[in-house]
Amino acid sequence: KRERKPPTAYARPLGTSPLPIARVQKILKADEELVMVQREAVLAIAIATEQFVKRLMEAVHRVALRERRTTVQQRDMLSVVRRADEFLFLD
């Protein structure tokens, strides 16, 4: 069998985001209602997006574990989106 490595905790350095700031700015500029967005606000949006994706993926992972699988599938995502009140807006 393949040797499994223990999961490592991700530690984000303060004032940074794993999402590219330039890409977040580009997405924000696509909104015609936003005239100007400060760099700190862009960073806050990037961090909030990171947290949202993290919570969504943790919920999807729990569904896969409940079904005794280690691989997350599309049906797991659909299950979370349809059942969790927090993610209903994604339906």
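The values are calculated or read from the model by the stated rules, or taken from the named source; none is laboratory data. A quick note: this is a predicted structure, and the numbers were derived from the prediction, not measured. Here the Cβ positions follow ideal geometry from the backbone for every residue, glycine too, while neighbour counts run over all protein chains shown. In case anyone asks, the SASA skips ligands and DNA or RNA and just uses the protein heavy atoms, side chains included. Shrake-Rupley method; radii C 1.70, N 1.55, O 1.52, S 1.80 Å.
Some values worked out for this structure:
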read-out	value
Lone qualifier among Arg23, Arg12, Arg55 - being open to solvent by less than 90 Å² (accessible area, probe 1.4 Å) and of a type in the set (Lys, Arg)	Arg12
From the options Asp85, Asp91, residue that is open to solvent by 70 Å² or more (accessible area, probe 1.4 Å), in contact with a helix residue (DSSP H, G or I) (Cβ under 7 Å, 6 or more places away or on another chain) and farther than 27 Å from Ala22 by Cα	Asp91
Verdict on Leu78 being in a helix (DSSP H, G or I), free of Cβ contacts under 8 Å to residues at least 24 places away in the same chain and among the hydrophobic types (A, V, I, L, M, F, W, C)	yes
Positions within segment 24-58 being farther than 20 Å from Ala11 by Cα, small (Gly, Ala, Ser) and part of a helix (DSSP H, G or I), in sequence order	Ala41
Single residue of segment 68-82 satisfying the filter (surrounded by fewer than 13 Cβ atoms within 10 Å (Cβ to Cβ) and more than 25 Å from Ala9 (Cβ to Cβ)) that is nearest to the chain's Cα centre (by Cα)	Gln74
Residues within segment 26-43 that are of a type in the set (A, V, I, L, M) and open to solvent by 60 Å² or more (accessible area, probe 1.4 Å), tallied	5
